[in-house]
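Beneath this line is the structure, given in structure tokens, with notes to follow.
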Amino acid sequence: MVPRFSAWAACISTVSALAVVVAANTTASAESWCGTDSLSLSTGELTTTEFVGQDQLELILTNISEESCTLQGYPGVDLVGPDVPTWGPVFSLTRQSGDPQPFTLAPGASATSILTIGAPFAPEDFWYPTSLVVTPPDATTQLQIPWIPYTPVMRQDGATSPATYIGPLELMH
């Protein structure tokens, strides 16, 4: 009876050792997620789309660390500006539909996300943000810069199909 138990124990011991080696190799080769402390935020130029009343602004997240990191998904984007009685001072943007894939962001490399801006049609609908606040995917802290385009935005808090929304992050080429 003892030889069977010893053979079974040796088998379990070998499998456990292999699992530890595989886990160690997987952990050693996995890159960490890009955190707020490893990214800087900037914007590209405001561009006009083929759709009347919509412009686009490229949000750029650059890896400022000395290590590669991984990004996937959508940044959380808030426009902050004057307090609107029914909505408040923060306009949290809806995410465009899609299936973003993970990618590696090397040191110094950048990722982009397109912010589509719905322009107001009537002067009473004009709302001028003062700040752009971005939370990278899987992060809990934010990056903030002034709202540089100085363009008005039509607030549509709670709209099912708003004209202002954010796209997925993609590696900048």
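The slack between I145 and D37, meaning 0.36 nm per residue of separation minus the straight C-alpha distance, is 37.4 nm. The relative contact order of the range 36-171 comes to 32 percent, based on Cα pairs under 8 Å that sit 6 or more residues apart.
Counted over all Cα-Cα pairs of the range 36-171, pairs farther apart than 25 Å make up 25 percent.
For A109 and S161, a Förster radius of 35 Å and the Cβ-Cβ distance give a FRET efficiency of 0.60, rounded to the nearest 0.05.
Treating r as the C-beta distance of E45 and T86 and R0 as 45 Å, the FRET efficiency rounds to 0.90. Taking 0.36 nm per residue of separation and subtracting the Cα-Cα distance, full extension of the segment from I64 to S97 would add 9.0 nm.
In this structure, W127 and H173 have a Cβ-Cβ separation that, at R0 = 41 Å, corresponds to a calculated FRET efficiency of about 0.80.
Residue exposure proxy: E58, E66, E50, ordered by other Cβ atoms within 10 angstrom of their Cβ from fewest to most, comes out as E50, E66, E58.
No value in this document is a laboratory result; all are computed from the given coordinates. Predicted, not measured: the structure shown is a model, and the values here were computed from it. Neighbour counts are summed over all protein chains in view; Cβ atoms, including those assigned to glycine, are modelled from backbone coordinates with ideal geometry.
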